[in-house]
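This report refers to the structure that appears directly beneath it.
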Amino acid sequence: MTPPPKEPQPRISENDRDTAVRRLQEAYAEGHISHEEMDAHLQRILTAETPGDIESALGSLPAEDPGTTSTITAATGRIRRGGAWRVPRHLKVHSALGRVSLDLSQAVFEHPVLDIELQLGTGGARITVPRDAVVDLEGLSSTWKDTLYKAGRGARPGGGPTIRITGTMGMGRLKVRHARR
């Protein structure tokens, strides 16, 4: 009697791979792993084919703190945050029809990196970042209008927080600007 065929392992998505790389980078930035360990783990993540491969590559890292992710969701209307608010490590902003305004210029950053995941339908978003922040828009896709962003003069690696903006913009435009003071 032949054994039943094994079910094929699901393949990982690029988003899964990107998330694993970010987690590895955070562990390195926080001093949990050495440069050599990061290189070895990175190689395993980049060549991973299944979720199990990713899990084994990240198995020796400290567990993520679940309290470092917040989600702001609105079907319609406006999402606004400003003033001296405490930003989490990961901020997810989901809006189907509304406008989004995030002012991070006076925000309290507890982590050197802030990941903002935008999932917006129609309506635009405006994000004001600290003067010395470094902004990374590589993971953002926009289907309708181009993102407006001009790097600030005070922005330099290591100077202020790094703000990585990812996700998808539907029919709106993202405008990112540095605070004036």
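The values are calculated or read from the model by the stated rules, or taken from the named source; none is laboratory data. No experiment lies behind these values; they were computed from the predicted model shown. All Cβ positions, even for glycine, are placed from backbone atoms using ideal geometry, and neighbour counts span all protein chains on display.
Some observations on this one:
- Residue match in the stretch 56-64 (condition: more than 20 Å from G160 (Cα to Cα), of a type in the set (A, V, I, L, M, F, W, C) and in a loop (DSSP other than H, G, I, E, B)): yes
- Residue match in the stretch 23-31 (condition: outside the structural domain of R126 (by TED's automatic domain parsing), in a loop (DSSP other than H, G, I, E, B) and either touching a Lys or Arg at 6+ places or on another chain (Cβ under 6 Å) or on the phi < 0 side of the Ramachandran plot (or both)): yes
- Residue within the stretch 141-163 that is touching a Gly at 6+ places or on another chain (Cβ under 7 Å) and among the hydrophobic types (A, V, I, L, M, F, W, C) present: yes
- Test: residue in the stretch 119-134 that is closer than 26 Å to A27 by Cα, without any contact (Cβ under 8 Å) to a residue 12 or more places away in the chain, out of contact with any Leu (no Cβ under 9 Å at 6 or more places or on another chain) and surrounded by fewer than 19 Cβ atoms within 10 Å (Cβ to Cβ): no
- Look at (1) in contact (Cβ under 8 Å) with a residue 40 or more places away in the chain; (2) charged (D, E, K, R); (3) surrounded by 15 or more Cβ atoms within 10 Å (Cβ to Cβ) and you find that K92 fails only one, number (1).
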